[in-house]
Amino acid sequence: MVSLCLRQIVALSRTSLLLRSVSSVPDTRQTILDLGFSEEQAEKIQRMRCPPHKTPNIKELCLLGLNHRTVLRILEERPDLLKITATELRDRVDTLRGLGLGEGSLQNSLSSCPALLSVPRSRLMAATQFLKAQCQFTSQQLLKILNTAPETLTQDPSKLEEVFQYVYFRMGGKHGEMISSQVFQVSVDEIKVRHQFLERLGKFHPPDKKMVCPPSNPKLKDVIQLSEEDFLSRIACSSSEEFSTFRKILEREERENEQQMEGTEDELSEDEEDSESEDDSGDEDSKEDIYSDKHKPSHHHKK
């Protein structure tokens, strides 16, 4: 009887401990509902396999003033935000605020570009520093880029440099025009093909030595932002067949130029290797001559 009583006591204590541990685990679904999400929205979030300890991340997004529909869309587009800590997420938001995004503009930028929250602080700062130091955009202009084209800060600085240099030096684009045209949202290949198509049609002329373009050139915004159909009908006054043919020609020309550059580099490296080998052989020959001179027997001629 004593043994039976002891076993019952142990069993009851284990059951109470188990119930206590279960009750200590937060109900993810209920927590999400408490944040104001609907049943349907909560179900969608749970399908993302959101662990209980990641609900603070969802709470952080809600505290930004984003509506529940936007928060759900951000999580669907960037599920990686559930893999970082709430502190990391908060730090990234603080970084964006430090760059000048205030209330209203912060929410608009995150709504249009959720990827901003997926970019580490170091990469955000690298893109910002490049735009200010290398491209000479002012702080006010940078803030405008953040508001109108926040995707710019998610790109690699090398890509930004390629676009900036082409538009600035080849097309004579000014900083204000680049911002209003949102050039960093377009690939440099697409900019090149449109610009050079207009050049060969005689509808776009390069800037002069003072980087001033003739007034007859179409506006940068019209060249870059218009749809292909509008660009061809309104700016190029050409057909889609001609534009498609030119695109293929330009791609072939660039491939040939790349191959030619690679061939030139190979020739230069071969010439360097040949010159080095000639120098080495010359040194060896001179060493052999010196050696032979030292060990050459001397002949004395008697008179």
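The values are calculated or read from the model by the stated rules, or taken from the named source; none is laboratory data. Quick caveat: nothing in here was measured; it's all calculated off a predicted structure. Cβ: placed from backbone, ideal geometry, glycine included. Neighbour counts: every protein chain shown. Surface accessibility is based on the protein's heavy atoms, side chains included, excluding ligands, DNA and RNA. Shrake-Rupley method; radii C 1.70, N 1.55, O 1.52, S 1.80 Å.
Is there a quick way to get the dipole size of the range 52-95? I mean about its Cα centre, with the Cβ of Lys and Arg at +1 and of Asp and Glu at -1; what is the value in debye to the nearest 20? The partial results should precede the final answer.
Details: 8 positive and 7 negative charges, 30 e Å.
Approximately 140 debye in magnitude.
Which value, in Å², gives the accessible area per residue of the range 72-124 when a 1.4 Å probe is used on the protein heavy atoms?
Details: 2430 Å² over 53 residues.
Roughly 46 Å² per residue, with all protein chains present.
At 1.4 Å probe size, put Ser216, Ser105, Ser181 in order of accessible surface, largest to smallest.
Sorted by accessible area, descending: Ser216, Ser105, Ser181.
Could you tell me the distance between the Cα centroids of the range 110-153 and the range 171-216, to the nearest Å?
Value for the Cα centre distance between the two parts: 22 Å.
If you roll a 1.4 angstrom probe over the protein chains with everything in place, what fraction of the accessible area of the range 180-235 belongs to carbon and sulfur, to the nearest %?
50
So what is the relative contact order for the range 105-235, in percent, with contacts set as C-alpha pairs under 8 Å and at least six apart?
Working: 115 pairs, mean separation 27.0, N = 131.
With pairs under 8 Å counted, the relative contact order is 21 percent.
Bin all alpha-carbon pair distances of the range 60-154 at 10 Å intervals from 0 and give each bin's fraction as a whole percent.
Per 10 Å bin, starting at zero, the Cα-Cα P(r) for the range 60-154 comes out as 16, 53, 26, 5 percent.
Among the listed pairs Lys221/Lys248; Lys59/Lys221; Lys159/Lys209, which are separated by more than 30 Å between their Cα atoms? Mind showing how you got there, number by number?
On the way: Lys221/Lys248 24 Å; Lys59/Lys221 40 Å; Lys159/Lys209 26 Å.
In this structure, Lys59/Lys221 exceed 30 Å between Cα atoms.
Relative contact order for the range 35-191 using alpha-carbon pairs under 8 Å, separation at least 6, rounded to a whole percent?
Numbers: 119 pairs, mean separation 27.9, N = 157.
Once normalised by length, the contact order is 18 percent.
Using a 1.4 angstrom probe and counting only protein chains, how large is the accessible area of Thr85 in Å², to 10?
70
Could you state how much accessible area Lys219 has, in square angstrom rounded to the nearest 10, with a 1.4 Å probe and all protein chains kept in place?
Ignoring ligands and nucleic acids, Lys219 comes out at about 150 Å².
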